[in-house]
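Note sheet for the following structure.
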Amino acid sequence: MLNPVFFTSLFAQLEHSKNINVTVEVQRELFPVIEKFIAVGNIHSNIPGLVTWRIHNSTNKLVRISLISEIPGWAAPVITTVDLSPDQNKELMQSPFGINLLSNHILTPAIILLRAKVDEKIIFEETRNLNIRAVDDMIWSLNSPWDTESLIASWVTPNDPMVEEILSVAKEILPGKKLPGYSGSDIREEVKAIFNAVSNYEISYVNSAMYFGQVGFTQRVKLPEESISEKSVNCIDGAVLFASLFENIGLQPLIILTNDHAFAGVRLAPNSKGILCIETTIAGRPMVDSSSSFTAAFEDAVKEATGEYNYFVQNGSGTLRIIDIKRARAMRIYPLR
C-alpha cells in the first residue's frame, strides 16, 4: 500500500507538470563574447540571451518555479526563480557563462542541460546540443544588419601586454619621452609616435574574409598580442590594435566601419566632434627606416582615412558606422581580457 504522504507528493508533482506549460528555445551557437557581455549586465536590447524560457501557470494558485540552465564543463548552473499568478505567462532569458569559454579557440560541440522545478520537483528536463564558437569570433549581425557591431569593443584591450610594449617604444620617439594623453599639448604628435612605433614591428596586411556560419555574420578578429606576434593584420585587426593603444593612454578611440573596410579614429579632445582618422594598414607597408619616411607614412595614413571618412559623410554613399569605445564601455562592453 502506497504511503499517503508519498502519494500526495507524487500527485502534486503530476498536477504541476500537467498545469504548468514550459517551453524553451536555445540558440544554436554560443558566442563567448555575447555570454560575457550578458554576464556583466546586458543593457543592449538587441542582444538576446542564449536560452529563452516561456512558462504559463494554468493552475488556480500562485506557483514558484525555478528555471535552471547549465553547460557541463563550460558554465555553472544559472538558476532563476519566478513567481506566476494563476493564468499568468512569463518569458525570461538566461545566459550561462564560465571563464572556460574565453579559452576556447575552435568550434566545439557541447550540451546544455535545462530543468524547471516547482517545490524542488522537476516538471521539465531536457538536454540540447549546441556549438561553442571560438572566443575570437566576432558576430557583426545576429538578427538584423549590424545589430551587434558594438561588441567589437570587446577586442579593444588596453591592458594587453603587447600594448604596453608598443607604448614604451612610442614614448622613446617623443622629445619628452611620455604619452600624456589629453593633458598633453599635441594629440597628433602622440598618435604619430604610436603609429611609428607600430611600424617598427613590420606587420603585414592580409585580407581576411568574413565567415557566414549557421548564425549571423561573423569574422575572426585578433587581439593586439596576436596581431603583433603573428606580424599580420587585416583592417579590423589594425583598427582594434590602434584603439587599444589610444584607450590605454586615456584617449577616446573610435572604430570606423564602411561597407567593406575598417579604420581607426580618435577624438582630438575629450568628447570632441573633431576626429583624427588613421588608415592602420599603412603602418604595415614597407618603408625606409628614417624619420622622414615615417612622417610621410603617417601623413598618408591620415590623408587616406580622412578622405574615405569625408566621402561617406559628405556623399551619404553606402553606410558609415562609428563604434565609440567610450560609449561601448558605458554599455558595459568590456575587454575580453
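The values are calculated or read from the model by the stated rules, or taken from the named source; none is laboratory data. A quick note: this is a predicted structure, and the numbers were derived from the prediction, not measured. Quick reminder, even Gly has a Cβ in these numbers, built from the backbone with ideal geometry, and neighbours come from all protein chains shown.
Observations on the structure shown:
- Hits in region 42-83 (condition: of a type in the set (A, V, I, L, M, F, W, C) and not in a strand (DSSP E or B)): ILE43, ILE47, LEU50, LEU62, TRP74
- Look at region 60-80: where a residue is closer than 22 Å to PHE97 by Cβ and a partner is charged (D, E, K, R) and not in a strand (DSSP E or B), sitting 6+ places away or on another chain with Cβ atoms under 9 Å, you get SER66/GLU120; ALA75/GLU35.
- Applying the criterion of being in contact with a Phe, Trp or Tyr (Cβ under 9 Å, 6 or more places away or on another chain) and exposed (fewer than 15 other Cβ atoms within 10 Å of the Cβ) to the residues of region 83-107, the residue that is farthest from GLY49 (Cα to Cα) is ASN100.
- Checking the stated criteria, LEU245 turns out not to satisfy the condition of being buried (at least 21 other Cβ atoms within 10 Å of the Cβ) and closer than 30 Å to PRO48 by Cβ.
- Sole exception among (1) crowded, with 21+ Cβ neighbours inside 10 Å; (2) more than 30 Å from SER144 (Cα to Cα); (3) among the basic types (Lys, Arg) for ARG188, by number: (1)
- The residue that is farthest from ALA193 (Cα to Cα), among those in region 143-181 that are among the polar types (S, T, N, Q) and touching a strand residue (DSSP E or B) at 6+ places or on another chain (Cβ under 7 Å), is THR148.
- Selection count where residues are surrounded by fewer than 17 Cβ atoms within 10 Å (Cβ to Cβ) and among the small types (Gly, Ala, Ser), scope region 142-156: 1
- Among the residues of region 138-175, just one is over 22 Å from LEU254 (Cβ atoms), small (Gly, Ala, Ser) and modelled with pLDDT of 90 or more, namely SER168.
- Test for ALA134: is it surrounded by fewer than 20 Cβ atoms within 10 Å (Cβ to Cβ), in a loop (DSSP other than H, G, I, E, B) and touching a residue at least 60 places away in the same chain (Cβ under 8 Å): yes
- The residues on offer are GLU120, GLU172, and the sole one that is within 19 Å of ILE68 (Cα to Cα) and loosely packed, with under 13 Cβ neighbours inside 10 Å is GLU120.
- Across region 81-119, the number of residues qualifying as out of contact with any helix residue (DSSP H, G or I) (no Cβ under 6 Å at 6 or more places or on another chain) and in contact (Cβ under 8 Å) with a residue 40 or more places away in the chain comes to 15.
- Any pair with Cβ under 6 angstrom, 6 or more apart, that starts in region 190-208 at a residue that is within 26 Å of ASP260 (Cβ to Cβ) and ends at one that is among the hydroxyl-bearing types (Ser, Thr, Tyr) and modelled with pLDDT of 85 or more: SER204/SER232; TYR205/THR281; VAL206/SER232
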